[in-house]
Amino acid sequence: MVRIAPSVLSCDFLNLEDDINMMKNAGIDILHMDIMDGLFVPNISYGPMILEAIRRKFDIDMDVHLMIKDPNRYFEIYSKIGVSYLTIHEEASLHLERDISRIKELGMKAGVALNPATSPENLKYIIKELDLVLVMSVNPGFGGQKFLESQLDKVRDIRDMIDKTNSNAIIEIDGGITADNVKLVAGAGVDMVVSGSGLLKGNFEENLSKMRNML
Ligand code: DX5
Ligand code: ZN
């Protein structure tokens, strides 16, 4: 079963509690959270304070996507909040293997995200250590962009790599996912889809049930 992780970036931040309640009531058990620093990506989003506030009210899995330079500066704080998956960008980490080991040492599942132009080749020697590979199907930084079909081949390549090495990593895709293309990405072999505007623009329950039906 493909897991659906709505992206908090598309929520109404003045009514975040209501939005999360609405998602939980619809059966959502994991939230995708985009942390942006204005350096690795042009945009600035939110940080640990907001996650702590969510954690105080909600028992829900947190899938944290760090779009920040030198992400290792922040591993401890996210582990204290109790995030499930902590994903860093391959392009933003100087010592990827060391960072992955540290995330796991701190009790979180470790993910690596790849920008659209980044080849999965570099994951070859660490794939067995990973819990998640995140394929960016838009350039990171903003919600509401158009899905890049070119990334489907990358998903297939990563699926091959995982199967050949008996890695336990799951594949997640992020960017431009809607009910119209979710079947296509599921067919390419993803385990988890992130969707921001595809779910939260308009009626959430309707969008979610359309997406579930397609899957
Ligand atoms: C983009 C973020 C995404 C974003 C997805 O940099 O990583 O998680 O929230 O939004 P949509 O689904 O609208 O493309
Ligand atoms: Zn994301």
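The values are calculated or read from the model by the stated rules, or taken from the named source; none is laboratory data. Values in this document were obtained by computation on a predicted structure and should not be read as measured data. Positions of Cβ are generated from backbone atoms using ideal geometry, with glycine treated the same way; all protein chains shown enter the neighbour counts. What goes into the accessible areas is simple: the full protein's heavy atoms, side chains included, and nothing from ligands, DNA or RNA. Shrake-Rupley method; radii C 1.70, N 1.55, O 1.52, S 1.80 Å.
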>> Condition first: touching a His at 6+ places or on another chain (Cβ under 6 Å), open to solvent by less than 70 Å² (accessible area, probe 1.4 Å) and within 15 Å of ligand 1 (Cβ to nearest atom). Can you find one or more residues in segment 21-32 that meet it?
In response: no
>> Which condition from (1) away from ligand 1 (no atom under 15 Å from the Cβ); (2) touching a Leu at 6+ places or on another chain (Cβ under 9 Å); (3) more than 24 Å from residue 37 (Cβ to Cβ) is the one that residue 208 breaks?
In response: (1)
> Say we look at segment 33-76 and pick out the residues that are open to solvent by 50 Å² or more (accessible area, probe 1.4 Å) and not charged (D, E, K, R); which of these is nearest to residue 137 (Cα to Cα)?
Replying inline: 42
